[in-house]
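Visitor: Dropping a structure here in structure tokens format, bear with me for questions.
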Amino acid sequence: EKQGFRHFMLKEIYEQPGVVRTCLEAYFNDDWTASNEQSPIKLDLPTELCADLEHIQILACGTSWHAGLVGKYLLEQLAGITTTVHYASEFRYAPPPLTAHTLTIGVTQSGETADTLAALSMEQTRRLGKSAEFKARLLGITNRPESSLGQLVSHLIDTHAGIEIGVAATKTFSAQLVAFYCLALELAYRRKSLSTKAIEKILDGLRLLPAQIEMVLESQERYIEELAHDFAETQDFIFLGRGINYPIALEGALKLKEISYIHAEGYPAGEMKHGPIALLDAKVPVVAIAMPGSLVYEKVISNAQEAKARDSRLIGVTAANEGEESDVFDQILPVPLVDELLSPIVTVIPLQLLAYHIASRRGLDVDQPRNLAKSVTVE
Ligand code: F6R
């Protein structure tokens, strides 16, 4: 069933172009253009769920929580709705006050994570006996519509990634990201916070992503496999990103931790100088995500330079050109130049490959890492 791949995780990494394509087909009207009267999005969400939202709260764990952080960026920047992202395990014991105009979104690929289910079901109970407005505002994002989550909430966005076997989430993460683009655009369209021209531009960019992920996979895998040799003895890694790529730094660190057992931390690059920079020396490599053309690009480059001044080996996830990147980074994991807003779906790919190859190089059981289970059905 691994179809020639050494591990399910690698197979699932390679399935991502197809998964993103499937999600785009499921979520967006193919022939829509800005001059069209219809909605560009095929989400069947009732008005009671979407109308007059003032706040969105996202509940999740692990990788799904990282997808939620990207979702927050999109919902705030595109749809203009203040969004908070909570660890389900924390939320369930200290929920913030509820208002009628809050939409709660549970994100869980398996649909079986105990903490996420408990937090959502508490949220549902809190809304009982209140007006209809309160009751309608619950939504699930899952890869398993038939799961316990599917039974719990009446509205779902299906992430269509197909079953994921590797314990480390990869293709379900990129599918969750596409689901958040879809939801943010749907809300932006309804609230008219974006012009139809702006929506069209984002849709055009989204449609290029599957081929761009393919490009990264084709051009990078060998190189990353080679590069992994250098980290056989490495004990700590730092991942840096800013803005919409800050959650991708967290995700890169989590992937590495869970399958290679190397200690890794993700930080928003600007926070380094407030403490973590003290960790850096020649033994601690730093991976920085820096998309040219983005608002935060220059900032990430200067944060990376500060790390280099502490002798850290610097690896850049960036669109390679002859600019300053080649002077700053010791190694570049190049990705196509895409709009910052869409970049997480391409920048996460080299980080998944890096984690995979380091773990595989260390001879570890990539698909079944120690102490982890695919569905965490206990608290
Ligand atoms: C990371 C990973 C876990 C899960 C987390 C939530 O690769 O697999 O961190 O993301 O246990 O799982 P779901 O999405 O099923 O709720």
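Visitor: Do the conditions hold for Arg126, that is, is it surrounded by 20 or more Cβ atoms within 10 Å (Cβ to Cβ) and away from the ligand (no atom under 15 Å from the Cβ)?
Guide: Values: surrounded by 20 or more Cβ atoms within 10 Å (Cβ to Cβ): no; away from the ligand (no atom under 15 Å from the Cβ): yes.
No: the conditions fail for Arg126.
Visitor: Kindly list, by first and then second residue, each pair from a residue in the stretch 88-100 that is among the small types (Gly, Ala, Ser) to a residue that is outside any loop (DSSP other than H, G, I, E, B), limited to pairs with Cβ atoms under 7 Å and residues at least 6 apart or on different chains.
Guide: Ala88/Leu59; Ala88/Ala60; Ala88/Asp115; Ala88/Thr116; Ala88/Ala119; Ser89/Asp115; Ala100/Glu133; Ala100/Phe134
Visitor: While we're looking at this one, here's another question. When the residues of the stretch 321-379 are narrowed to those that are more than 15 Å from the ligand (Cβ to nearest atom) and among the small types (Gly, Ala, Ser), which ends up nearest to Leu208 (Cα to Cα)?
Guide: For the stretch 321-379, the residue satisfying everything is Ser343.
Visitor: Against the condition small (Gly, Ala, Ser) and under 21 Å from Gly266 (Cβ atoms), how does Gly68 come out, does it pass?
Guide: Considered against the rule, which asks whether it is small (Gly, Ala, Ser) and under 21 Å from Gly266 (Cβ atoms), Gly68 comes out as yes.
Visitor: If you don't mind, there's one more thing I want to ask. Among the residues of the stretch 321-329, are any surrounded by fewer than 20 Cβ atoms within 10 Å (Cβ to Cβ), over 14 Å from Pro268 (Cα atoms), modelled with pLDDT under 95 and of a type in the set (A, V, I, L, M, F, W, C)?
Guide: no
Visitor: Looking at Arg362, Arg370 in this structure, which one is basic (Lys, Arg), closer than 27 Å to Lys283 by Cβ, modelled with pLDDT of 85 or more and over 18 Å from the mean Cα position of the chain (by Cα)? Can you show your working first?
Guide: Working: Arg370 fails: modelled with pLDDT of 85 or more.
After ruling out the rest, the residue left standing is Arg362.
Visitor: Could you please find all residues in the stretch 37-76 being in contact (Cβ under 8 Å) with a residue 12 or more places away in the chain and of a type in the set (S, T, N, Q)?
Guide: Ser39, Gln57, Thr63, Ser64
Visitor: Which residues, counting only those in the stretch 329-379, are assigned to a loop (DSSP other than H, G, I, E, B) and of a type in the set (S, T, N, Q)?
Guide: Of the residues in the stretch 329-379, the ones assigned to a loop (DSSP other than H, G, I, E, B) are 329-330, 335-339, 343, 362-379.
Within the stretch 329-379, Ser343, Gln368, Asn371, Ser375, Thr377 qualify.
Visitor: Still on this structure: From Glu48, Glu37, Glu12, Glu54, grab the single residue that is acidic (Asp, Glu), more than 24 Å from Glu251 (Cβ to Cβ) and touching a Lys or Arg at 6+ places or on another chain (Cβ under 9 Å).
Guide: Working: Glu37 fails: touching a Lys or Arg at 6+ places or on another chain (Cβ under 9 Å); Glu12 fails: more than 24 Å from Glu251 (Cβ to Cβ); Glu54 fails: touching a Lys or Arg at 6+ places or on another chain (Cβ under 9 Å).
That would be Glu48, the only listed residue that is acidic (Asp, Glu), more than 24 Å from Glu251 (Cβ to Cβ) and touching a Lys or Arg at 6+ places or on another chain (Cβ under 9 Å).
Visitor: Answer yes if at least one residue in the stretch 294-304 is of a type in the set (Lys, Arg), in contact (Cβ under 8 Å) with a residue 40 or more places away in the chain, out of contact with any helix residue (DSSP H, G or I) (no Cβ under 7 Å at 6 or more places or on another chain) and at negative phi, and no otherwise. Can you show your working first?
Guide: So in the stretch 294-304, the residues of a type in the set (Lys, Arg) come out as 299.
Adding the requirement that they be in contact (Cβ under 8 Å) with a residue 40 or more places away in the chain leaves 299.
Now restrict to residues that are out of contact with any helix residue (DSSP H, G or I) (no Cβ under 7 Å at 6 or more places or on another chain): none.
Among the residues of the stretch 294-304, not one is of a type in the set (Lys, Arg), in contact (Cβ under 8 Å) with a residue 40 or more places away in the chain, out of contact with any helix residue (DSSP H, G or I) (no Cβ under 7 Å at 6 or more places or on another chain) and at negative phi, which makes the answer no.
Visitor: Looking at this structure, is Leu342 touching a helix residue (DSSP H, G or I) at 6+ places or on another chain (Cβ under 8 Å) and either within 28 Å of Val296 (Cα to Cα) or among the β-branched types (Val, Ile, Thr) (or both)?
Guide: Values: touching a helix residue (DSSP H, G or I) at 6+ places or on another chain (Cβ under 8 Å): yes; either within 28 Å of Val296 (Cα to Cα) or among the β-branched types (Val, Ile, Thr) (or both): yes.
Answer is yes for this residue.
Visitor: Can you tell me which residue in the stretch 197-234 is surrounded by the most Cβ atoms within 10 Å (Cβ to Cβ), limited to those that are farther than 30 Å from Glu37 by Cβ and among the charged types (D, E, K, R)?
Guide: Filtering the stretch 197-234 for residues that are farther than 30 Å from Glu37 by Cβ and among the charged types (D, E, K, R), the one surrounded by the most Cβ atoms within 10 Å (Cβ to Cβ) comes out as Glu221.
Visitor: If you take the residues in the stretch 244-294 that are hydroxyl-bearing (Ser, Thr, Tyr) and under 16 Å from the mean Cα position of the chain (by Cα), which one is surrounded by the most Cβ atoms within 10 Å (Cβ to Cβ)? Give the steps one after another, and end with the answer.
Guide: Within the stretch 244-294, the subset hydroxyl-bearing (Ser, Thr, Tyr) is 246, 260-261, 267, 294.
Keeping just the survivors that are under 16 Å from the mean Cα position of the chain (by Cα) gives 246, 267.
Values: Tyr246: 26, Tyr267: 22.
Ranking the candidates gives Tyr246 first.
Visitor: While we're looking at this one, here's another question. Being more than 14 Å from the ligand (Cβ to nearest atom) and either buried (at least 21 other Cβ atoms within 10 Å of the Cβ) or in a helix (DSSP H, G or I) (or both) narrows it down to one of Leu183, Leu149, Leu177, Leu194, so name that one. Before you say what the answer is, go through the steps one by one.
Guide: Details: Leu149 fails: more than 14 Å from the ligand (Cβ to nearest atom); Leu177 fails: more than 14 Å from the ligand (Cβ to nearest atom); Leu194 fails: either buried (at least 21 other Cβ atoms within 10 Å of the Cβ) or in a helix (DSSP H, G or I) (or both).
Exactly one of Leu183, Leu149, Leu177, Leu194 is more than 14 Å from the ligand (Cβ to nearest atom) and either buried (at least 21 other Cβ atoms within 10 Å of the Cβ) or in a helix (DSSP H, G or I) (or both), namely Leu183.
Visitor: Does Asp367 satisfy being touching a residue at least 40 places away in the same chain (Cβ under 8 Å), among the charged types (D, E, K, R) and surrounded by 18 or more Cβ atoms within 10 Å (Cβ to Cβ)? Walk me through it before giving the result.
Guide: Working: touching a residue at least 40 places away in the same chain (Cβ under 8 Å): yes; among the charged types (D, E, K, R): yes; surrounded by 18 or more Cβ atoms within 10 Å (Cβ to Cβ): yes.
Against the criterion (touching a residue at least 40 places away in the same chain (Cβ under 8 Å), among the charged types (D, E, K, R) and surrounded by 18 or more Cβ atoms within 10 Å (Cβ to Cβ)), Asp367 qualifies.
Visitor: Just give me the residues in the stretch 154-166 being of a type in the set (Val, Ile, Thr) and surrounded by fewer than 20 Cβ atoms within 10 Å (Cβ to Cβ), in sequence order. Spell out the reasoning first.
Guide: So the first thing to find is which residues in the stretch 154-166 are of a type in the set (Val, Ile, Thr), and the list is 157, 159, 163, 165.
Hits for the stretch 154-166 are Ile163, Ile165.
Visitor: Can you pull out the residues in the stretch 57-113 that are more than 19 Å from the chain's Cα centre (by Cα), crowded, with 21+ Cβ neighbours inside 10 Å and within 16 Å of the ligand (Cβ to nearest atom)?
Guide: The answer is Phe91, Arg92.
The values are calculated or read from the model by the stated rules, or taken from the named source; none is laboratory data. Note that the structure is predicted; figures quoted are calculated from it, not measured. A quick note on method: Cβ atoms are made from the backbone with ideal geometry, for glycine too, and the neighbour counts reach across all protein chains shown.
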